[in-house]
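A short write-up of the structure that comes next.
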Amino acid sequence: METVLIVIAILLLALFGSPLFAIIGAIALLAFHSAAIDMSAVIVELNRLASTPTLIAIPLFTFAGYVLAESKSPQRIVGIARALFGWFPGGLAIVSLVSCAIFTAFTGASGVTIIALGGLLYPILLKENYPEKFSLGLMTTSGSLGLLFPPSLPIILYGLVAKISIDKLFVAGFVPGMILLIVLSIYSVKHGIKSEIPKIQFTFKNVFEAVKNAAWEIPLPFIIIGGIYGGLFTVTEAAAITAFYVVVVEVFIYRDLKLFKDVPKIMQESMVLVGAILIILGTALGLTNYLIDAEVPMKLFTFIQELITSKILFLILLNIFLLIVGMMMDIFSATIVVVPLIIPIALAYGVDPVHLGIIFLVNLEIGYVTPPVGLNLFISSYRFQKPISEVYTSTLPFILIRLIILILVTYIPQLSLYLVNLLGIQ
């Protein structure tokens with residue numbers, strides 16, 4: 001009777017909007033108590049988490065992304081992308097896609113991208129005579145582009161939770177991420193031709209000027225990616241170098257930010273996000289320990305196996321499940337809560353854990369913009385002052401394209417694994 005009352009209390013707390021970490025922690029404590037296991041097992045996971053070497057990469061990359069968001073880096077990124085791609089039919093749309101992908105890769109948060117770049121790019125798209133519906137859909141869906149590219153925070157978090165190589169995940173996401181970017185660019189070119197959008201003349205002078213303006217920011221992705229894959233430094237060291245480099249560039253070279261006025265505020269804002277991630281991660285790992293001890297994943301697999309014998313059918317249902325999860329939860333919470341449950345089941349069906357990571361991230365990218373409750377839909381509605389129903393309809397063509405890419409990524413594992421195997425990354 002006591003346990004039933006506690007369960008009802010936890011459900012009521014969830015319905016009334018209690019923080020996710022509190023709900024997960026309460027479930028974990030109740031589960032261990034019911035199994036007559038010392039409840040310190042939950043906090044033990046927090047201790048193990050604190051000793052994970054790659055953990056420090058999360059706050060450092062998050063801080064670096066927030067510094068870029070608060071500086072004039074978005075304008076400089078857009079400037080160089082426009083100089084390089086503006087002469088294409090639909091070139092400004094491609095500029096938006098590339099700029100958002102780069103920015104989301106560094107911030108790891110699609111909502112930040114919509115807020116930081118949306119206000120800059122959306123008015124320019126309208127001014128260049130792009131249809132309002134296309135422009136709104138483009139900016140809403142572009143917010144989650146870039147989650148497959150290093151140093152994406154969701155990739156790092158997935159690697160930590162799944163206990164697999166982050167370097168492998170960085171490499172595995174490159175081809176699917178590029179395919180998605182290229183296909184959306186082709187759609188934008190087709191739309192630009194159909195709408196007779198005027199092109200921006202390509203000149204080396206404009207390119208030189210844009211490169212000159214962004215000269216200190218252009219090397220950043222090459223330093224990170226080249227350093228990690230060249231064996232010069234680890235992911236954690238790359239995060240430290242990135243944070244230091246970004247502060248030096250934005251504070252002392254470009255002087256967009258003030259060291260004692262802006263940087264402490266950015267530290268506080270970015271660490272609020274990190275703190276939320278880590279406290280959910282700690283309680284969720286404690287609950288995961290109980291689920292593993294109780295053999296819940298294997299019991300779940302046995303149940304599923306009785307209903308589903310085909311790997312293909314399992315992947316179809318997995319995609320549907322993850323799309324729903326992506327609509328209902330932010331990518332960080334979803335990674336922490338869902339990944340430990342699906343990995344044992346997916347392995348039993350013969351799905352490579354690195355391939356599973358890319359499937360997971362592509363699904364969550366789409367979930368951000370899937371009606372009725374995708375997070376980016378509401379951020380976009382607020383940012384651009386548009387009715388949510390209008391945002392829904394504007395994103396549908398982009399969602400369809402992403403779903404096609406998801407099918408390819410799901411059923412052609414080599415799109416994710418070819419480069420990993422070719423480079424022999426351990």
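Every read-out reported here was derived from the displayed coordinates using simple, explicitly stated rules and does not represent laboratory data. Note that the structure is predicted; figures quoted are calculated from it, not measured. Cβ placement follows ideal geometry from the backbone for every residue including glycine, while neighbour counts extend to all protein chains displayed.
In Å, what Kirkwood hydrodynamic radius results for the range 329-426 from the alpha-carbon pair distances?
The answer is 15.2 Å.
Given the peptides 396-409, 194-207, arrange them by the average over their residues of other C-beta atoms within 10 Å, most packed first.
Answer by packing, highest mean first, reads 396-409, 194-207.
Could you work out the helix-only [θ] at 222 nm for the chain, with each DSSP H run of four or more residues adding -39,500 (n - 2.57) and the total divided by the number of residues, to the nearest 500 deg cm²/dmol?
Only helices count here, giving -25000 deg cm²/dmol.
Taking R0 as 41 Å, what FRET efficiency do you get between I316 and F202 from their Cβ-Cβ distance, rounded to the nearest 0.05?
Computed FRET efficiency for I316 and F202 comes out at 0.40.
Please report, largest first and rounded to whole Å, the three semi-axes of the ellipsoid equivalent to the chain, where each semi-axis is the square root of five times an eigenvalue of the C-alpha gyration tensor.
Listed largest to smallest, the semi-axes of the chain are 37, 25, 22 Å.
Which residues in the range 348-363 have a backbone N closer than 16 Å to a point placed 7 Å from the Cα of T309 along the Cα-to-Cβ line?
The answer is 349.
Please compute the modelled spin-label separation between Q268 and I182, points set 7 Å along Cα→Cβ, answer in nm with one decimal.
About 4.7 nm separates the two model spin labels.
If we sort 281-291, 143-153 on the protection proxy, mean other Cβ atoms within 10 Å, highest first, what's the order?
So the peptides 281-291, 143-153, ranked by packing, come out 143-153, 281-291.
Which of the helices in the chain meet the span-like rule: DSSP H, Cα axial reach of 30 Å or more, Kyte-Doolittle mean at least 1.0?
Answer set is 166-194, 262-293, 388-411.
Calculate the spin-label point distance for S51 paired with F244, positioning each point 7 Å from the Cα along the beta-carbon direction, and give it in nanometres.
Going by the 7 Å Cα→Cβ label model, 2.7 nm.
Return, for the Cα atoms of the range 40-111, the radius of gyration and Dmax in Å, separated by a comma.
18.1, 61
Extending each Cα 7 Å along its Cβ direction at T302 and S195, get the distance between those two points in nm, one decimal.
5.6
Which value results when the Cα radius of gyration for the range 227-323 is divided by 2.2 N^0.38 Å?
1.77
Let me know the Kirkwood hydrodynamic radius for the range 175-246, please, with Cα pairs as the basis and the value in Å to one decimal.
Across the range 175-246, the inverse of the average 1/r is 15.5 Å.
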